[in-house]
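To start, the structure under review is shown below, and the notes come after it.
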Amino acid sequence: MPARAEMAEMLLPGDTNVHGTAFGGKIVQWMDLCSSMAAGRHCKNPVVTVSIDELHFHAPIRVGEVALLSARLTATFRTSMEVECVVLAESFQSGERRLCTSAYLTFVALDSNSRPLEVKPLELQTDEEKRVFEEAKQRRAARLERAKRR
């Protein structure tokens, strides 16, 4: 099963904008942390963030709500790993959960000299895992093409 990580954060007033909703940068910070834990669990080494793709803010998170983050490894390549991260907001009063943010983050594993390190392949067992991996390969090809054009 691909590596995963989960975490929860309560949205406090210091993490919000004038509308009483989460600063986007705070959400991205939490996503980076949660996703790096999933990538690090897979390669058992430190990782660094290379890119964030398809970052979407679907709905706001309000003061007092809990942000529930879930990250799962979707693909491994030679030294890089793609992780999908989803953020839900949960209301204490109703228990209702709603999708707030989603993205794909790419990490590179590092050795003790901070050089890229080859990572073990992802063991794909289910049809769903194989489908997600194929989609990740397409996103990677698009990322590499964009990098070439720059």
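Every number here is computed from the coordinates shown, using simple stated rules; none is lab data. The shown structure was predicted, so the numbers you read here are calculated from the model rather than taken from an experiment. When we count neighbours, we look across all protein chains shown, and the Cβ atoms used for this are built from the backbone with ideal geometry, even at glycine.
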Self-check item: Amide hydrogen neighbours beyond the local backbone of Phe23, cut-off 5 Å, H modeled
Solution: Thr16, Asn17
Quiz item: How large is ³J(HN,Hα) for each residue in region 7-22, as worked out from phi by the Karplus curve 6.51 cos²θ - 1.76 cosθ + 1.60 (θ = phi - 60°), to whole Hz, x for Gly and Pro?
Solution: 7, 9, 9, 8, 7, 9, x, x, 9, 10, 9, 5, 8, x, 10, 4
Self-check item: Over the chain, relative contact order from alpha-carbon pairs under 8 Å, at least 6 apart, %
Solution: 26
Quiz item: If we count every other residue with Cβ under 11 angstrom of Glu118's Cβ, Lys/Arg +1 and Asp/Glu -1, where does the sum land?
Solution: +2
Quiz item: Using only Cα atoms, what is the ratio of the radius of gyration of the chain to 2.2 N^0.38 Å?
Solution: 1.10
Quiz item: Just from the alpha-carbon atoms, what are the Rg and Dmax of region 103-150 in angstroms?
Solution: 13.5, 37
Quiz item: Which value in nm describes the separation of the simple spin-label points at Arg131 and Phe23, placed 7 Å from the Cα toward the beta carbon?
Solution: 3.9
Practice problem: Once you've got the GNM for the chain with C-alpha springs shorter than 10 Å, pick whichever of Ser80, Ser91, Ser102 has the biggest mean-square fluctuation. | Solution: Ser91
Practice problem: Highest first, please rank the peptides 122-135, 17-30 by the mean number of other Cβ atoms sitting within 10 Å of their residues. | Solution: 17-30, 122-135
Practice problem: On a 0 to 90° scale, report how tilted helix 24-43 is relative to the longest principal axis of the chain, with both axes built from alpha carbons and the result rounded to the nearest 10. | Solution: 40
Self-check item: Degrees, to the nearest 10: 127-149 long Cα axis against longest axis of the chain
Solution: 80
Quiz item: Given H placed on each backbone N at 1.01 Å, which residues far from Met10 in sequence or on other chains put an amide H within less than 5 Å of it?
Solution: Ala67
Exercise. With no solvent and one equal point scatterer placed on each C-alpha of region 29-100, evaluate the Debye formula and give log10 I(q)/I(0) for q = 0.11, 0.12, 0.15 Å⁻¹, two decimals.
Key: -0.32, -0.37, -0.55
Quiz item: To the nearest 0.05, what FRET efficiency results for Phe77 and Glu6 with a Förster distance of 25 Å applied to their C-beta separation?
Solution: 0.55
